[in-house]
1. For region 163-174, does any single residue satisfy the condition of being open to solvent by 30 Å² or more (accessible area, probe 1.4 Å) and either touching a strand residue (DSSP E or B) at 6+ places or on another chain (Cβ under 7 Å) or assigned to a helix (DSSP H, G or I) (or both)?
2. Restricting to region 420-433, count the residues that are under 21 Å from the mean Cα position of the chain (by Cα) and either among the basic types (Lys, Arg) or buried (at least 23 other Cβ atoms within 10 Å of the Cβ) (or both).
3. Got at least one residue in region 523-538 being open to solvent by less than 10 Å² (accessible area, probe 1.4 Å), more than 26 Å from ASP575 (Cα to Cα) and assigned to a helix (DSSP H, G or I)?
4. Quick test for you: out of GLY751, GLY701, GLY738, pick the one residue that is open to solvent by less than 30 Å² (accessible area, probe 1.4 Å), in a helix (DSSP H, G or I), over 30 Å from HIS472 (Cα atoms) and modelled with pLDDT under 95.
5. In region 596-608, which residues are farther than 14 Å from ALA637 by Cα, open to solvent by less than 60 Å² (accessible area, probe 1.4 Å) and in a helix (DSSP H, G or I)?
6. Quick check on my filter: what residues within region 633-667 are farther than 13 Å from GLU612 by Cβ, of a type in the set (Lys, Arg) and open to solvent by less than 50 Å² (accessible area, probe 1.4 Å)?
7. Test each condition in (1) open to solvent by 50 Å² or more (accessible area, probe 1.4 Å); (2) out of contact with any Phe, Trp or Tyr (no Cβ under 6 Å at 6 or more places or on another chain); (3) part of a helix (DSSP H, G or I) for PRO501 and report the one that comes out false.
Amino acid sequence: MTPGAVGDAPPPVGTVGTGTSSSVRVEVSGEGSVGAGRDISHSAVGAGSRVEHTEVDNRIENTTVGRDVFQAGRDLTVNNHPAPPPKPDRRPVRVGTVPPLASAFQPRPGLRGRIDRARERNATVVLTQVLSGGGGVGKSQLAAAYAHQARAEGVDVLVWVNATETAQIIATYATAAQRVGVPGADGQDAERDALAFLDWLAVTDRSWLMVLDDLTDLEGTQRWWPPAGTGGGRVLATTRRRDALVTGGGRAVVDIGTYNPIEASAYLAERLAGAGVPHLLDNGAADLVEALGLLPLALAHAAAYMINEGVGCTAYLHLFTDRASRLTALLPPGADTDGYGRQVTASLLLALDAAEHREPAGLATPAIRLAAHLDPAGHPDTLWTTEAVTQHLTAHRTMSGTSGPVTPDQARAALRLLHHYALITHDTHDSDRAVRLHALTARTARETTPPTQNPAIVRAAANALHALWPEHEHTARDLTAVLRANTDTLTDHAGDLLWQPDGHPVLFAAGHSLIRAGLFHTAVTHWQHLTADAERLLGGEHPSTLVARGNLAHSYWRVGRTDEAIGIEEQVAADCERVLGDDHPNTLMARGNLAVSYREVERTDEAIGIEEQVLADRERVLGDDHPNTLMARGNLAHSYWRVGRTDEAIGIEEQVLADRERLLGADHPNTLTSCSNLAFSYLQAGRTDDAVILLRSVAEGRDRVLSFVHPDTVKSHVNLATVLTWRGHALLPGDTAGAWRDAAEAVRAVGPHLADDPATYGPVLASAYGLAAAVLDADGQPEAAADFRSRALQAAGTAPAPRPGDGAADGSRS
């Protein structure tokens with residue numbers, strides 16, 4: 001099945017006008033194109049469920065319109081020709097959040113010299129420098145300094161990737177692909193878009209810098225290294241890994257250690273002077289920096305404590321030495337794999353001791369322990385206003401004598417307190433990753449947390465993440481990616497705690513989100529792990545296990561493993577019927593999913609049989625107006641449409657559209673989907689004018705509701721333009737004015753978007769121009785027709801040859 005054509009679509013920049021019945025005036029500025037296809041959408045609802053699909057949209061297949069061998073007898077005058085294709089947008093592109101430089105940041109010129117020299121090896125440009133070292137030595141700060149410098153120098157493309165998880169790398173690359181306008185990057189398949197971005201980096205003449213910060217899964221990220229040997233680009237990666245996988249592929253490893261004594265002393269002096277307390281730098285400074293192991297992170301903790309508490313170097317050294325000696329039993333040197341854990345632990349606990357007595361009293365410790373279970377690269381500070389977090393802080397407040405529930409304002413104040421003591425970074429300008437903390441600080445906080453508190457911490461963090469999950473992810477793509485990353489981190493730290501008493505809804509939300517984001521291979525891995533955990537902890541017949549297996553089947557379907565998907569869905573449907581009963585919502589869901597899969601492998605008669613029964617059961621169990629009942633009607637209508645039972649499909653779809661307009665409103669996304677489905681049934685029935693009216697309404701509605709760049713909005717314009725082109729050809733040779741109006745509207749619908757995605761839009765813009773040429777030929781204006789025919793060839797020629805592997809990831813269920 002051909003997927004619908006999608007892509008970024010900025011607001012139109014050109015116009016197409018039509019004239020009177022005897023002549024046509026055309027004014028076109030901007031180029032563009034259209035394409036159309038068919039799309040079946042699956043979407044998840046609730047914590048652990050999957051709706052079989054939102055009804056079919058965009059049912060045009062194998063679009064080939066635009067012949068120019070028509071005749072007509074009406075005079076047409078072309079007054080203004082379309083403008084040449086716009087030049088590529090060369091504005092700087094910034095993706096990801098570059099961390100700010102720390103107070104009293106030390107440039108470390110000797111170390112930077114080694115990094116810069118690593119770019120040259122045997123007179124060959126080495127694209128990638130890997131900054132490798134233990135936690136807390138300043139790797140990310142060095143990379144951030146290069147990023148800030150590149151931005152100041154005007155680098156064209158700057159991408160900062162939080163690289164702890166492969167899914168985060170893919171998602172950031174996919175976002176970058178759309179931002180820079182990589183051909184074919186349409187937001188439907190993140191993995192395909194990410195690969196297209198890497199291809200683009202290999203050939204672009206634009207300057208670029210890519211930073212892969214805290215690269216952890218070297219085994220899983222080998223295919224996602226940017227290409228080597230590109231003169232205009234550079235990659236910096238930071239990692240704690242030191243094994244052979246770090247090297248190779250044009251990468252040079254630079255070992256990053258601690259400050260040297262001069263740098264450490266300079267940092268401490270500048271930090272204290274910058275805070276207006278230079279007198280705290282007493283004779284004990286040299287001994288203090290040595291005791292802290294010259295470690296930047298421990299020095300930051302110490303400086304913040306000294307500034308906030310008014311303690312000099314000698315006094316802090318006494319406190320630190322006492323705390324460190326008491327830690328020996330808890331953290332012996334042999335257990336300190338990085339070699340710096342004892343210094344960080346001691347400095348962190350000293351800071352926490354002080355922060356606990358500041359207002360809001362008793363919240364610093366429970367706050368940092370919760371934050372330590374989340375992604376060090378950051379989470380939204382709105383998480384701290386959720387009921388789950390405020391209730392947790394209330395229950396685990398450490399100071400006696402405090403009473404009353406913790407308010408959201410107090411929770412935010414606790415963040416600011418931790419920020420003042422350099423235990424976290426709270427950046428209110430970065431809404432999605434406003435709260436960050438160093439990975440070594442997080443590890444230290446977790447290791448000093450009593451194990452008895454971990455279940456409550458994990459539950460609170462999971463509940464808070466789930467509470468923040470957006471209902472419509474396409475309106476908050478960056479936030480959703482951050483929530484997925486934080487769920488991954490929490491899952492890593494939680495062990496089996498997220499399965500008590502059964503699978504937490506956030507685990508399922510993250511899996512559904514991966515599929516909606518087009519991260520299909522990552523989704524397969526997620527659902528494989530989730531299914532294995534569910535079977536191990538809950539048993540093969542637990543409802544959560546059945547739901548996980550059903551979603552594993554869906555992810556298999558997405559990557560083309562259709563036979564495996566159907567095998568699992570058949571078993572899930574049988575198990576649900578046996579364990580839950582025929583009328584259970586999960587049973588009806590499982591049977592509906594199986595029907596969709598049958599339809600997609602041309603087992604349509606079997607699909608219809610199941611869907612008719614599912615619809616009858618849902619009407620009886622859930623009622624006529626339940627959303628799942630309406631969806632079941634739409635699914636059945638699509639199957640009817642597929643086998644040519646068009647009148648029956650139209651009857652059902654008209655009722656579904658009326659019901660959704662009544663229950664959801666005319667602009668609800670599901671209502672617009674129903675409207676589009678009905679339009680294509682009308683088209684199949686020969687009611688082309690009615691189809692155009694509906695498609696125009698869908699495009700206008702999605703412009704209002706989803707934004708111009710949403711893939712569904714783009715598909716709406718694509719479909720409208722394609723149907724207009726078809727209708728325009730059908731009007732020839734008798735109605736050249738009507739055909740010209742259709743050509744004009746088709747170009748207006750998609751014309752401005754050619755530069756966004758030539759591969760998608762080029763061929764169909766060519767069809768629209770072909771219609772214009774046909775009208776002009778028919779009207780006796782061969783020179784004007786030849787001009788439009790030339791433009792059609794130019795539009796079609798903007799589509800690059802397909803790369804090997806294109807189309808491998810099926811996109812027909814988006």
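The values are calculated or read from the model by the stated rules, or taken from the named source; none is laboratory data. In this text the structure is predicted, and so the values were computed from the model without any measurement. Because the Cβ atoms are built from the backbone with ideal geometry, glycine has one as well, and the counts that use them run over all protein chains shown. When the accessible area is computed, the model is the full protein with side chains, heavy atoms only, and any ligands, DNA or RNA have been set aside. Shrake-Rupley method; radii C 1.70, N 1.55, O 1.52, S 1.80 Å.
1. No, region 163-174 has no match at all.
2. Kept after step one, since they are under 21 Å from the mean Cα position of the chain (by Cα), are these residues of region 420-433: 429-433.
Narrowing further to those that are either among the basic types (Lys, Arg) or buried (at least 23 other Cβ atoms within 10 Å of the Cβ) (or both): 433.
Of the residues in region 420-433, 1 are under 21 Å from the mean Cα position of the chain (by Cα) and either among the basic types (Lys, Arg) or buried (at least 23 other Cβ atoms within 10 Å of the Cβ) (or both).
3. So far as region 523-538 goes, no, none of its residues is open to solvent by less than 10 Å² (accessible area, probe 1.4 Å), more than 26 Å from ASP575 (Cα to Cα) and assigned to a helix (DSSP H, G or I).
4. GLY738 is the lone residue from the list that is open to solvent by less than 30 Å² (accessible area, probe 1.4 Å), in a helix (DSSP H, G or I), over 30 Å from HIS472 (Cα atoms) and modelled with pLDDT under 95.
5. Here is the first cut: in region 596-608, the ones farther than 14 Å from ALA637 by Cα are 597-598, 600-603, 606.
Then drop every residue that is not open to solvent by less than 60 Å² (accessible area, probe 1.4 Å), which leaves 597-598, 600-601.
The answer is SER597, TYR598, GLU600.
6. Hits for region 633-667 are ARG642, ARG660.
7. Here PRO501 meets the rest and fails (3).
Condition check ((1) at pLDDT below 85; (2) outside any helix (DSSP H, G or I); (3) farther than 24 Å from ASP667 by Cα) across all residues:
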residue: THR722; (1), (2), (3): no, no, no
residue: ALA743; (1), (2), (3): no, no, yes
residue: ALA746; (1), (2), (3): no, no, no
residue: ALA772; (1), (2), (3): no, no, yes
residue: LEU776; (1), (2), (3): no, no, yes
residue: GLN794; (1), (2), (3): yes, no, yes
